[in-house]
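The values are calculated or read from the model by the stated rules, or taken from the named source; none is laboratory data. Treat the numbers as computed from the prediction; the structure is a model and nothing was measured. Neighbour counts run over all protein chains shown; Cβ positions are idealised from the backbone, glycine included. Remember, those area values only see protein heavy atoms, side chains included, never the ligands or the DNA or RNA. Shrake-Rupley method; radii C 1.70, N 1.55, O 1.52, S 1.80 Å.
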Amino acid sequence: MDSDKLMTTAAPDRDDPAARATWLRAELERHAHAYYVLDAPTIPDAEYDLLFKELQGIEESHPDLATPDSPTQRVGALALAQFAPVTHAVPMLSINNGFSDEDIVAFDRRVREGLKTVDEVEYAAELKFDGLAINLRYEDGVLVRAATRGDGSTGEDVTANIRTMRSIPLRLNTDTPPRLLDIRGEVLMYKADFARLNARQREAGQREFVNPRNAAAGSLRQLDSRITAQRTLRFFAYGIGALEGAQLPASHAALLDWYAQLGVTVCSERAVLKGAAALLAFYRDIGQRRASLPYDIDGVVYKVNQVAEQKTLGFVSRAPRFALAHKFPAEEATTVVQDIGVQVGRTGAITPVARLAPVFVGGVTVTNATLHNEDEVRRKDIRIGDTVIVRRAGDVIPEVVAHVPERRPADARHFVMPCDCPVCGSPIVRLEEEAVARCSGGWIKCPAQRKGGLLHFVSRRAMDVEGLGDQLVEQLVDKHIITTAADLYKLGLTALVELERMAKKSAQNVLDALEKSKSTTLARFIYALGIRHVGESTAKELARHFGQLDAIMQASPERLLEVADIGPVVARAIRSFFDDPLNVELVAQLRAAGVHWQEGEGSGDNGERPLLGQVFVLTGSLPTLSRDQAAALIEAAGGKVTGSVSKKTSYVVAGADAGSKLARAHELGVPVLDEDALQQLLGQR
Ligand code: IVH
């Protein structure tokens, strides 16, 4: 970016409206760019709005001062009757898909054959955004037209809508713009903006959108751009159409760098890589982080990086030979709801569950999907017999997103919440202030709650007892061998080997794992107890603040409220848990069984957190610490650990075999630490 554009010039007087308007436009664009493109807001929203209103006022009283690239153009114009067709100067092609490793290896082989080389080819790898392809036409640096892809040759003119997007510059950030530049990329909606939009739609009693892609499409294909103006859409550039009056950069990576300089958003998740193996590693890395990205993607895209090589390879039918989309398994699919049953959770919560005709989604076959609670079933109007859209993203439990109205059979039936718990027969009750209905049996009466509680207790992030899964807990509870978590530690080899599918060897492994789990941390232990509203991070805060279990068990609600993140509801839940003599007894038995941890001092406050506000990314394997241990140390010192490297990352901690995250850190200039340096940072406490 031109550095002079980043600087604030002195504000001209209000009695010179022309100069004032020019200055206001520059200021507003600068702040919008900082906010939407750099993700680093420079002024509060309210101040932005004031500057904006002032410019609007000037343009209203001096229509001759209005310009097409003024930020005021972003509020939306009068509704159109229809979109005008736009013929693309250079057709917008599609891209071939690959699904398996073999497909990628074959693509790379074809590329090398086409280039007549045996050497590794250089590729630009990036994300395949799940939005809508758009062409932005800039003439002499000013946005003059935006069009959808349409059939590739002719799209629709959505200029008025695109102008409302603050993430798209109305004027390129350069004093020497090309005469003509067609920038191609994807318009999409962030997941958080999508959730906010749907919440708003719901409140207004309007139709909700099924996913961010549909919401982006619905927002962009609005004849009334004032509606588009109220939606937050984003743009990532990934290609080029026509170009006149400037030299085409020599590589795809250089093209994207140029766009970034011009003030056009490009995604930071990209890399230049050599050879098929590196492409596959990129695919896996992104795949692991897919769920934590702020937007939906449906794969990654590999493009031969050098433009000269792209030209050599050329096109087959309507797709380039030099690019391939490597798709992830689809996260959404449609299927039929055969029945709606209920599941009883560890807190007694009754969750309606759709029993589905088997469907392959998110890489696995799904037959059950959660409907969350009774209100959700009503709100989404899901009935037995409906065809529905099922979503399974990452490791998240599959859920029913929506029904397909056109495919509802005449005999579709409503779900009825049962009156009694299907597991223990106790009445199901629903408190007025709660969204969920619960089995009133408690864990004493209800085996489902006991099983849920036990599974939580042994889970990886709690006591971490390996090999104690669903089926084993199921048998142990059903055969009345155990009732509470403390009974787990009384298990002997004889009892275990009598169970189904339990050889002596695996029984011994379970006992060993139980023994090992006795040595734990206070935070894990508190989390394992399954106190309502006390998740992992609250458990950590409690452990850090009080240091000792007895202090927590005896703490008054007032004392509990002093802990970071704890509000009245959570404080009450903790208090009432330890007011129950059965729970006090459980804790005593667990300690008597040998469950122990290092009791600490307890900070008694929220201070002493040298890494507060610092964001870490861990990559590769460290010489002595496991990833979880390193993360725990960082978190205990107030730092945060995230999965992906961005401009907001304070440090990347890298060990052996660090991959693309380390490369990314170097690229962004994020400081890189080894384990020693991390320890030093922690040791400064
Ligand atoms: S390149 C000549 N790159 O995928 C190649 N497309 O192309 C032209 N898409 O509807 C496309 N992310 O909207 C390219 N990083 C990316 C992309 C991408 C998403 C979409 C694009 C188009 C479809 C097929």
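If you average the sequence gap of Cα pairs under 8 Å that are 6 or more apart and divide by the length of segment 432-521, what percent do you get for the contact order? Relative contact order of segment 432-521: 27 percent. The residue 490 and residue 199 beta-carbon pair, evaluated with R₀ = 60 Å, returns a calculated FRET efficiency of approximately 0.80. According to the Kirkwood relation over distinct C-alpha pairs, the hydrodynamic radius of segment 488-638 is 17.5 Å.
The C-alpha radius of gyration of segment 223-343, expressed as a fraction of 2.2 N^0.38 Å, stands at 1.40.
The convex hull around the C-alpha trace of segment 456-538, projected and averaged over every direction, spans 5.3 square nanometres.
Sparse packing (at most 16 other Cβ atoms within 10 Å of the Cβ) combined with a DSSP loop state is found for the following GluC sites (Glu not before Pro) in segment 600-656: 601, 608. For the chain, the mean projected area of the C-alpha convex hull, equal to one quarter of the hull surface, is 36.6 nm².
Can you give me the P(r) profile for segment 409-552? Cα pairs, bins 5 angstrom wide beginning at 0, each as a whole percent. P(r) over segment 409-552, rounded to whole percents: 2, 9, 15, 16, 16, 14, 12, 8, 4, 2, 1, 0, 0.
Note on segment 486-591: with neighbouring protein chains present and a 1.4 Å probe, carbon and sulfur make up 53 percent of its accessible heavy-atom surface. The value given for segment 146-260 is a Kirkwood hydrodynamic radius of 15.7 Å, derived from the mean inverse Cα-Cα separation. Annotation: for a label point projected 7 angstrom from Cα along Cα→Cβ of residue 289, residues of segment 121-155 with backbone N closer than 20 Å are 123-131. Values of log10 I(q)/I(0) for segment 96-161 across q = 0.16 Å⁻¹ run -0.79, by the Debye formula with one identical scatterer at each alpha carbon and no solvent. Rolling a 1.4 angstrom probe over segment 159-251 with all protein chains present gives an accessible area of which 45% lies on carbon and sulfur atoms. For residue 238, the solvent-accessible surface with a 1.4 Å probe is about 60 Å², rounded to the nearest 10. From largest to smallest, the equivalent ellipsoid semi-axes obtained for segment 353-398 from the alpha-carbon gyration tensor read 19, 12, 8 Å. Report summary: the helix-based calculation at 222 nm, which adds -39500 (n - 2.57) for every DSSP H run with n ≥ 4 and divides by the residues of the chain, gives -10500 deg cm²/dmol. Computed with the Debye formula from one identical point scatterer per Cα of segment 16-113, without solvent, the log10 of I(q)/I(0) at q = 0.19 Å⁻¹ comes to -0.96.
Considering every alpha-carbon pair of segment 127-178, the percent of pairs per 10 Å bin, from zero through the bin containing the longest distance, is 24, 47, 27, 2. Three principal axis extents describe the C-alpha atoms of segment 85-194; from largest down they are 47, 37, 27 Å. For segment 311-386, the spherically averaged projection of the C-alpha convex hull amounts to 8.3 nm².
Per the Debye formula on identical point scatterers at the alpha carbon atoms of segment 596-685, with no solvent, log10 I(q)/I(0) at q = 0.17, 0.25, 0.26 Å⁻¹ is -0.70, -1.32, -1.40. When 419, 424, 267 are compared by accessible surface with a 1.4 Å probe, the order from highest to lowest is 419, 424, 267. Once all protein chains are placed together, residue 531 keeps about 10 Å² accessible to a 1.4 angstrom probe. Per residue, the chain exposes an accessible area of 48 Å² to a 1.4 Å probe, with every protein chain left in place.
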